[in-house]
Amino acid sequence: MADTAIFDVDGTLVDTNYQHALAWFRALRRYDITRPMWRIHRGIGMGGDQFVSAVAGREAEEAHGDDLREAWAEEFDELIGEIQPFEGAHELLAEVKERGFRLVLASSGKTQHVEAFLDLIDGKSLADAWTTSDDVEKSKPEPDIVAAALAKVDGASAIMVGDSIYDAQAAAKLSIPTLGVRTGGFSVGELQEAGVLQVFDSLVAFRYALDGTPLARASR
C-alpha cells in the first residue's frame, strides 16, 4: 500500500495539452520547422528538454534548442489565460487527501505556469508539496520529477496519477505504479501499453471509482 499520491498537473488536472501543442507548433514555425500537429501532440507530456529532439530531431535541438524553448514559453504565455481546470479536479484531490495520503502535485513546468495552474484548482490548500522545473535536471520520461515529488514529503511509497505515457514511463523507472486519465488525449490502449494499471475517462469518474483503486486508503 502507498502513503503518497503524486498527481501530474498539466493535462491531468488542468486542460493544457492542446495549448502546449499549439505553442510548440508556432515556436517551431519561427525557425521554419513544420511538424504535423498530431505528432506534436504525441510528444506533449515530455518537458522541453526532451521534446525538441524527440519531435523536431537532434539537428533542431543542436541548432535551436534553447531558442525553441524560449519561443515556446512566449507562445504559451499568450494562451495561458484560456486554460481551465478539468471538472472535479479539486474535489478529487480533496477526496484523496481525506483518505490519508500525502499529496504532491508534480510538474516540471516553469514556476509561473505551475503557480497559475495551482491557483485554478486551489491546489495549494490541499497539497503537502508541489514541484516545478527548479526541482529537476531532466523532465519526463526521465524519473526526476517523480523522485523529487516523493522526496518532498518523505514518502515511503507512492501512486502516480497522470494523463500521458510519459507519466507511466517515468514512474515505472522507480517501480511506482500509475493510474491514468484520458484527459491528455492518449487512448486507453496507449496508456495500458505504457503500464498504466487503470484508466478513467474523467477525473469525476476516477473519484467515484476510488474504492476500487490503490488510492482507496493510505498505508499510514
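The values are calculated or read from the model by the stated rules, or taken from the named source; none is laboratory data. Everything numeric here is computed off the predicted structure, so don't read it as measured data. Here Cβ is always computed from backbone atoms with ideal geometry, including for glycine, and neighbour counts include all displayed protein chains. We work out accessible area using only protein heavy atoms, side chains counted, and drop any ligands, DNA or RNA first. Shrake-Rupley method; radii C 1.70, N 1.55, O 1.52, S 1.80 Å.
Just checking, which of THR131, THR183, THR178 is over 27 Å from ASP77 (Cβ atoms), surrounded by 23 or more Cβ atoms within 10 Å (Cβ to Cβ) and hydroxyl-bearing (Ser, Thr, Tyr)? Steps first, answer last, please.
Numbers: THR131 fails: over 27 Å from ASP77 (Cβ atoms); THR183 fails: over 27 Å from ASP77 (Cβ atoms).
That would be THR178, the only listed residue that is over 27 Å from ASP77 (Cβ atoms), surrounded by 23 or more Cβ atoms within 10 Å (Cβ to Cβ) and hydroxyl-bearing (Ser, Thr, Tyr).
Give me a count of the residues in the stretch 42-55 that are among the small types (Gly, Ala, Ser), open to solvent by 10 Å² or more (accessible area, probe 1.4 Å) and either modelled with pLDDT of 95 or more or farther than 24 Å from ASP119 by Cβ (or both).
Of the residues in that region, 2 qualify.
Can you go through GLY123, GLY109 and tell me which one is under 15 Å from the mean Cα position of the chain (by Cα) and at pLDDT 95 or above? Working first, answer last.
Details: GLY109 fails: at pLDDT 95 or above.
It is GLY123.
Among the residues of the stretch 198-220, count how many are of a type outside the set (S, T, N, Q), over 20 Å from ASP15 (Cα atoms) and assigned to a loop (DSSP other than H, G, I, E, B).
Total meeting the criteria: 7.
Residue by residue through the stretch 76-105, note down the ones that are part of a loop (DSSP other than H, G, I, E, B), over 16 Å from ARG217 (Cα atoms) and among the small types (Gly, Ala, Ser).
Matches in the stretch 76-105: GLY88 only.
LEU174 - would you say it is more than 15 Å from the chain's Cα centre (by Cα), under 17 Å from ALA89 (Cα atoms) and part of a loop (DSSP other than H, G, I, E, B)? Full working, then the answer.
On the way: more than 15 Å from the chain's Cα centre (by Cα): yes; under 17 Å from ALA89 (Cα atoms): no; part of a loop (DSSP other than H, G, I, E, B): yes.
When the stated conditions are applied, LEU174 does not pass them.
Before we move on, is LEU22 surrounded by fewer than 23 Cβ atoms within 10 Å (Cβ to Cβ), in contact (Cβ under 8 Å) with a residue 40 or more places away in the chain and of a type outside the set (Asp, Glu)?
Details: surrounded by fewer than 23 Cβ atoms within 10 Å (Cβ to Cβ): yes; in contact (Cβ under 8 Å) with a residue 40 or more places away in the chain: yes; of a type outside the set (Asp, Glu): yes.
Against the criterion (surrounded by fewer than 23 Cβ atoms within 10 Å (Cβ to Cβ), in contact (Cβ under 8 Å) with a residue 40 or more places away in the chain and of a type outside the set (Asp, Glu)), LEU22 qualifies.
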